[in-house]
Amino acid sequence: QVQLVESGGGLGQAGGSLRLSCAASGIIFSINTMGWYGQAPGKQRDLVAVSTTDDNTNYANSVKGRFTISRDNAKNTVYLQMNSLKPEDTAVYYCQADSRASAWALPRTHWGQGTQVTVSS
């Protein structure tokens with residue numbers, strides 16, 4: 001069982017910054033990808049940013065140059081630094097991690113409970 005606990009959401013202003021954190025805990029042998037997905041009201045959950053163990057990153061076009069994903073592998077934690085916020089960044093942000101419980105276990109995808117980010121104009 002793996003738990004992902006997010007923190008750092010809240011209310012931000014257009015042009016401002018917020019930083020999200022997500023810590024994974026539980027039975028973890030290894031974590032491959034960790035990422036952030038956003039779900040705006042009435043829309044599907046979409047990729048915002050993802051990081052792999054070899055430090056490859058991928059971003060949604062809408063956040064490139066404004067958001068930065070980073071990881072602390074020793075702490076099983078992923079961060080999302082959100083700069084130059086826009087009202088359209090308003091969404092529930094979900095942390096995601098693909099982890100293995102042992103060397104021979106298949107990887108499984110886990111999700112956090114979500115944290116609300118609201119950006120005012």
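Looking only at residues in the range 104-115 that are open to solvent by 90 Å² or more (accessible area, probe 1.4 Å) and assigned to a strand (DSSP E or B), the one that is nearest to Tyr93 (Cα to Cα) is Trp111.
Among the candidates Leu80, Leu106, Leu4, which residue alone is within 19 Å of Val119 (Cα to Cα) and of a type outside the set (Gly, Ala, Ser)? First the steps, then the outcome.
On the way: Leu106 fails: within 19 Å of Val119 (Cα to Cα); Leu4 fails: within 19 Å of Val119 (Cα to Cα).
After applying the criteria, what remains is Leu80.
Out of the residues in the range 22-33 that are surrounded by 13 or more Cβ atoms within 10 Å (Cβ to Cβ), more than 28 Å from Pro87 (Cα to Cα) and of a type in the set (A, V, I, L, M, F, W, C), which is farthest from the chain's Cα centre (by Cα)? Among those residues, the one meeting the criterion is Ile28.
Within the range 41-54, restricting attention to residues that are in a loop (DSSP other than H, G, I, E, B) and modelled with pLDDT of 95 or more, the residue that is nearest to Arg66 (Cα to Cα) is Arg45. Residue pairs whose Cβ atoms lie under 8 Å apart, sitting 6 or more positions apart in sequence or on different chains, and linking a residue in the range 86-113 that is within 26 Å of Ala14 (Cα to Cα) and of a type in the set (Val, Ile, Thr) to a partner that is modelled with pLDDT of 95 or more and open to solvent by 80 Å² or more (accessible area, probe 1.4 Å), are Val92/Gln116.
Within the range 34-79, which residues are under 16 Å from Cys22 (Cβ atoms) and open to solvent by 80 Å² or more (accessible area, probe 1.4 Å)? I'd like the intermediate steps shown before the answer.
Step one: filter the range 34-79 for residues under 16 Å from Cys22 (Cβ atoms), giving 34-39, 45, 47-53, 57, 67-79.
Correct list: Arg45, Asn73, Ala74, Lys75.
Checked against the criterion of being among the polar types (S, T, N, Q) and at pLDDT below 95, the candidates Asn58, Asn73 yield just one match: Asn73.
The values are calculated or read from the model by the stated rules, or taken from the named source; none is laboratory data. No experiment lies behind these values; they were computed from the predicted model shown. Every residue, glycine as well, gets a Cβ built from its backbone with ideal geometry; the counts of neighbours run over all protein chains shown. All accessible areas refer to the heavy atoms of the entire protein, side chains included, with ligands and DNA or RNA removed. Shrake-Rupley method; radii C 1.70, N 1.55, O 1.52, S 1.80 Å.
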